[in-house]
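Step one of this worksheet: look at the structure below.
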Amino acid sequence: MDVMEWSAAIAAAAFVIVTAGLLLGIKAALNRLKAVQASTETMMAHMQATAVRLTALADPAEKTILTAQQQLQSVNRLFEAAGQIGESIEHTTSAVNRVTSTLSQSAIRHAERAAEQRQLGEAFEWAELGMAAWQLWQTNRKRHNETGSDHQGEERHKNEGSE
C-alpha cells in the first residue's frame with residue numbers, strides 16, 4: 001500500500017467519521033428540535049387554555065366594569081341631585097329669611113302704630129274725662145251759684161221782713 005492509498009483510505013475514513021459525526025450531530029439537533037417543538041406545543045396548549053380562561057374572565061370583567069360605570073354615573077347623578085337639593089334649600093332658606101325679615105319689620109311697624117294709636121286713644125280718653133269733669137264742675141258751680149243766690153235772696157227777704 002502505498003502512501004496514496006493510505007492517504008485515500010485515511011481521507012475516506014476521516015470522511016466517514018466526519019459524516020458520521022455530522023449525522024450524529026444532525027440527529028441530536030433533530031432530537032433537540034423535537035424536544036423544543038414538543039415544549040412549544042405544550043406552551044401553545046397552555047397559552048390556548050389560558051386564553052380561554054382569560055376570555056371567560058373577560059366577559060364577566062367587562063360586565064362588572066360596565067356595572068361599576070353605571071353605578072358611578074348613578075352616584076354622580078345622586079350627588080348632582082343632592083347639590084341641587086342643597087341649592088334649593090339655600091334658596092328656600094334665603095326666601096324664608098327675607099319673608100321673616102319683612103314680617104318682623106311689618107310687625108314692628110304695626111306695633112309702633114298700635115302703640116301710637118293707643119297713646120292717642122288714651123290721650124282722647126283723658127281729654128274726654130277732663131272735659132266731662134270740667135262740664136260737671138261747671139254744672140255744679142252754676143247750680144251752687146243759683147242756689148247760693150236763692151239762699152242769699154231768701155236771707156235778704158228774711159232780714160228785710162224782720163226789720
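We did not get these values from a lab; they are worked out from the coordinates using the rules stated. Since the model is a prediction, treat every value here as computed from it, not as a measurement. When we count neighbours, we look across all protein chains shown, and the Cβ atoms used for this are built from the backbone with ideal geometry, even at glycine.
What is the angle, in °, between the Cα long axis of helix 3-162 and the longest principal axis of the Cα atoms in the chain? Nearest 10 is fine, range 0 to 90.
It works out to around 0 degrees.
Can you figure out the FRET efficiency of residue 43 with residue 22, using R₀ = 35 Å and their beta-carbon distance, to the nearest 0.05?
Working: r = 30 Å, r/R0 = 0.87.
For R0 = 35 Å, the calculated efficiency reads 0.70.
Quick one: pull the percentage of alpha-carbon pairs in the chain with a separation above 22 Å.
That tail contains 83 percent of the Cα-Cα pairs.
Over all distinct Cα pairs, what is the inverse of the mean 1/r for region 1-71, reported as the Kirkwood hydrodynamic radius in Å?
Kirkwood radius, region 1-71: 17.5 Å.
Given R₀ = 30 Å, what would the calculated FRET efficiency be for residue 85 paired with residue 63, taking r from the Cβ atoms and rounding to 0.05? Mind dumping the intermediate values first?
Working: r = 32 Å, r/R0 = 1.07.
With a Förster radius of 30 Å, E is 0.40.
When the Cα centres of region 1-32 and region 84-135 are compared, how far apart do they sit, in Å?
Region 1-32 and region 84-135 have Cα centres spaced 130 Å from each other.
Rounded to whole Å and sorted largest first, list the principal axis extents of the Cα atoms in region 34-82.
Reported extents, whole Å, longest axis first: 69, 13, 5.
With 13 Å as the cut-off, how large is the P(r) tail for region 64-111, expressed as percent of Cα-Cα pairs?
Details: 780 of 1128 pairs.
That fraction is 69 percent.
Between residue 14 and residue 118, what length comes free when the chain is fully extended (0.36 nm per residue of separation minus the Cα-Cα distance, one decimal in nm)?
Here the segment from residue 14 to residue 118 would lengthen by 22.9 nm.
So, counting K/R as plus one and D/E as minus one, what does the shell of residues with Cβ under 14 Å around residue 34 add up to?
For residues surrounding residue 34, the net value is +1.
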